[in-house]
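S.K.: Take a look at this one; I'll ask things after.
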Amino acid sequence: MAAHSGPRIVIYAALAGNLMIAATKFAAAFFTGSSAMLSEGVHSLVDTGNGGLLLFGMHRAARPADRTHPFGHGRELYFWSFIVALLVFALGAGVSLYEGVMHILEPEPIRNVAVTYVVLGLSILFEGFSWLVALKAFRVTKGRLGYLEAVRRSKDPSVFTVLFEDSAALLGLMIALVGITASQVFDIPELDGAASVGIGLVLALTAIFLARESKGLLMGEAADPVLQETILATARADPAVHGANGVITVHLGPEQVVAGLSLEFEDKATAPEIEACVLRLESAVRAKLPQIAGLFVKPQTPATWQARRAGLAG
């Protein structure tokens, strides 16, 4: 649970901000008739629901292992992250695109435009704060990696999902501000609808990216190369091990990894000695890497290991 304390703070901050912003945007859309403002209200409401789903996923993923799930429930978080991406696409992008197209086909001038500007200014302020909290948390986890590379390597979708949602929200607010201002300056109410379409496209692209990353995690991704090398180095240091051929890993959750280790034992090692070696390795690996939920050791020669790997690659 401690590993998720940072992401939880980020999600709570986003939840509080989005809920207040959504209510304000809907009120402004009602008084002004702005399509872009209505789309932004839907966007903030979807983001609020998404934050709740991420918290629910984190709660479900933290449940201990049981008879039907011997390695725990870590992938629950990946499942709910994928649902979040679908909701961003279906509700956020879908409603925004629909409202934008309808407003272009049947344009209406914006009423009480001053209210719109006040709401947009406050929304940018609140979203900006939430975005800074999410960015700070993401910087801690990414280390020296670039932002996109860190997202691709990340095994915790709660870390980057909120950041991308807040980034899309800020960009959407900028589009809404430009569209509403242009519709007033040029007296072309269709530009308000065009801004709503622009917001929908931003949300659609964000949803596709989040869905792609969540799908990869849900299907199963290998652990970080540093973790794999730590397992191999630990195995090579044992006196009963002649050579460590390789290791296969898969993430079942952000802090749950299952590893399959291929080893060649010393020729003189007896069955009891090999069994004792396996127990030593399990203890040593878990001491260094607490996230290892299961370690399976398979005696193999290097030739057999290479042949099996070549078969998988083919």
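The values are calculated or read from the model by the stated rules, or taken from the named source; none is laboratory data. Quick caveat: nothing in here was measured; it's all calculated off a predicted structure. All Cβ positions, even for glycine, are placed from backbone atoms using ideal geometry, and neighbour counts span all protein chains on display.
S.K.: Go through the residues of the stretch 58-69 one by one and say whether even a single one is at pLDDT 85 or above and touching a Ser or Thr at 6+ places or on another chain (Cβ under 7 Å).
M.R.: Yes, the stretch 58-69 has at least one match.
S.K.: What residue, of S39, S44, is touching a helix residue (DSSP H, G or I) at 6+ places or on another chain (Cβ under 8 Å), buried (at least 24 other Cβ atoms within 10 Å of the Cβ), closer than 13 Å to D192 by Cα and assigned by TED's automatic domain parsing to the domain that holds I199? Break it down stepwise before answering.
M.R.: Values: S44 fails: closer than 13 Å to D192 by Cα.
Within the list S39, S44, the selection yields S39.
S.K.: How many residues, within the stretch 163-187, are among the β-branched types (V, I, T) and either without any contact (Cβ under 8 Å) to a residue 24 or more places away in the chain or not assigned by TED's automatic domain parsing to the domain that holds L53 (or both)?
M.R.: Adding up the residues that qualify gives 3.
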